[in-house]
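Report on one structure; see the data block that follows.
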Amino acid sequence: MLEYKKNPAIKEYETKKGVKKYMFQIYTGINPATNKKTTTTRRGFKTPALANAAYRKIEAQVMNNKYEFNTPLESDGLTFNDVYQRWFTESYRKTVQSSTVYKTKQIFDCHILPEIGAMNMDDITPEVLQPIVNRWATKYAKLNIVSRYANRVFKYAYTIKLIKSNPFNHVLLPERQVNNTNKTPSTNFFSADELDKFTRFLVKGRANGTVTMMHAVYFITMAYTGLRKGELLSLEWSDVDLENNKLDVNKTLAMNEFGKLATQPPKWLSYRTIDINNLVANTLQEYKEFSHSNLVFPSEKDTWLNLGKPNNWLDSIIDQGAETFKTTFQLTGDDYYKTFVHRITPHGLRHTHATSLFEKDNTITPKAVQERLGHKNISVTMDIYTHVTSNQKDKLKSALDVDY
């Protein structure tokens, strides 16, 4: 084999048919997919000049870190888990808050990795994925959220040229059949009457000791500010301005990526300062006199309370209130005590607060409520607004009806 004198890397060879051709081999750097040194061989050039031109082009790409590696995964033996770990560390983790990292890891650890984590990427075809995706759709509460996370790893692999095509592009995501005629709106909020009963029960219970003061203060504050439960649990007295009746929302309590409680910026970076009414201000003022902590709602060890605590508190208060109302109704026959309130979650009190704002004053705009509650998108607030205005139209229609 003869060497090309102007570039020692260019070599002459003959094909099986005796045709003279030119080839070269060149170092292309370290492949980020394998972390190994690589070379590439190009052959079939008709002249030394054509071979040299191709050589110099690749040489320049390597020198400028612009060479595009095209090593198929099947030769590397990388599994889905290998690529997931790289996507998670190098790409995803840098873009979200610690609490989101924790939730995402749970999705992969519980649903995705047990199914496809050990598979080689080149073995994961649309035919393999389709039944797995179908199972995810039936097992996971939020339709297709697992599939979307898995697809992000495949998209990442395709973007950095670890795979030649994304198998998810040929997978059908199942759709739940919804009968709109039977669809009912969420009931995870109190009506105006229920909110009044709930508030009076807390105020009276706080005064006579039948409701724990911390629990009463927590839910009165939540019901009339719309704060998220993590925002309230992370609240410090330095965030409470009782002279001007304002709360500074600058953090939230969440589970970090290591499964530990920690504070982080409020959800969607919804930093805000909100006004509080006299009920909340007076309740906090009275409660503060008994406080010996920097936290407004501390644990017995003067640390953050577990995020599940408010759910337990609310269930207990609703049960207690229902029993109290039942007994009082049996003794007095007063229709006010015939029913207490239906069961909701702490998050439902955010919905309750937004609903009550719209119902009390029709000049309040969705934008103002969005800013107060820290909703990421106005569409979330508009859903509540639309529900309230729809109920108002139904009430107006009923008011117009007459019987003779």
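The values are calculated or read from the model by the stated rules, or taken from the named source; none is laboratory data. If you're wondering where the values come from, they're calculated on a predicted model, not measured in any experiment. Every residue, glycine as well, gets a Cβ built from its backbone with ideal geometry; the counts of neighbours run over all protein chains shown. Note: accessible area is taken over every heavy atom of the protein model, side chains too, but ligands, DNA and RNA are not part of it. Shrake-Rupley method; radii C 1.70, N 1.55, O 1.52, S 1.80 Å.
Here Asp319 meets the list (1) more than 30 Å from the chain's Cα centre (by Cα); (2) in contact (Cβ under 8 Å) with a residue 40 or more places away in the chain almost entirely, failing just condition (2). Of all residues in the stretch 19-31, those satisfying the criterion of being in contact (Cβ under 8 Å) with a residue 24 or more places away in the chain and under 19 Å from Glu59 (Cβ atoms) are Tyr22, Met23, Phe24, Ile26, Tyr27, Thr28, Gly29, Asn31. Out of the residues in the stretch 232-244 that are part of a loop (DSSP other than H, G, I, E, B) and either β-branched (Val, Ile, Thr) or without any contact (Cβ under 8 Å) to a residue 60 or more places away in the chain (or both), which is surrounded by the most Cβ atoms within 10 Å (Cβ to Cβ)? My answer is Leu242. Among residues of the stretch 92-108 that are open to solvent by 10 Å² or more (accessible area, probe 1.4 Å), those with a Cβ under 8 angstrom from a residue that is of a type in the set (S, T, N, Q), sequence gap 6+ or separate chain, pair up as Val96/Thr104; Gln97/Gln264; Ser98/Asn256; Ser98/Gln264; Ser99/Asn256; Ser99/Gln264; Tyr102/Asn256. Of the candidates Leu284, Leu247, the single residue that is in a helix (DSSP H, G or I) and at pLDDT 95 or above is Leu284.
Give the residues of the stretch 268-280 that are surrounded by fewer than 18 Cβ atoms within 10 Å (Cβ to Cβ) and not hydroxyl-bearing (Ser, Thr, Tyr), sorted by residue number. Selection gives Trp268, Leu269, Arg272, Ile274, Asp275, Asn277, Asn278, Leu279.
Of Thr221, Thr273, which residue is out of contact with any strand residue (DSSP E or B) (no Cβ under 6 Å at 6 or more places or on another chain) and of a type in the set (S, T, N, Q)?
On the way: Thr273 fails: out of contact with any strand residue (DSSP E or B) (no Cβ under 6 Å at 6 or more places or on another chain).
Only one candidate passes the filter, namely Thr221.
Scanning the stretch 328-366 for residues that are exposed (fewer than 12 other Cβ atoms within 10 Å of the Cβ) and among the charged types (D, E, K, R) yields a count of 5. Counting the residues of the stretch 145-196 that are at pLDDT 90 or above and assigned to a helix (DSSP H, G or I) gives 23.
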